[in-house]
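J.: There's a structure below that I have some questions on.
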């Protein structure tokens, strides 16, 4: 029970900071959103923790610049802290009901090669592509 309370407290602190000054909240799937705080370079994949979608917990931190999804997974491309010399890939399982730890099961940060291997191991369809790209963050 104590571990659960510690996790809850951790997420409360995180979303308290994330809640401020959102520039853009774009729904990707269910409770998953592209969230930007203060500047587009802070774009992350967030998980809405309340019904009015005003508070989020980071699932994949900044700088997310491309995503795609199906009914089971969200795939993500990220330049860590807007370092455009590095591209990380993530596979995020979609939780269909509320989850206090939405980052559980996230695979990444991966290189492109490891990302492709993980897709194959998880039997993620080749039809799942990066369909939302933020041009000025690529």
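The values are calculated or read from the model by the stated rules, or taken from the named source; none is laboratory data. A quick note: this is a predicted structure, and the numbers were derived from the prediction, not measured. Here Cβ is always computed from backbone atoms with ideal geometry, including for glycine, and neighbour counts include all displayed protein chains.
J.: Just to be sure before I move on: is residue 67 more than 24 Å from residue 39 (Cα to Cα) and touching a strand residue (DSSP E or B) at 6+ places or on another chain (Cβ under 6 Å) in the structure I sent? Walk me through it before giving the result.
T.: Working: more than 24 Å from residue 39 (Cα to Cα): no; touching a strand residue (DSSP E or B) at 6+ places or on another chain (Cβ under 6 Å): yes.
Judged against the criteria, residue 67 is not a match.
J.: OK, next. Name the residues in the range 83-138 that are surrounded by 13 or more Cβ atoms within 10 Å (Cβ to Cβ), part of a helix (DSSP H, G or I) and modelled with pLDDT under 95, would you?
T.: Matches in the range 83-138: 137 only.
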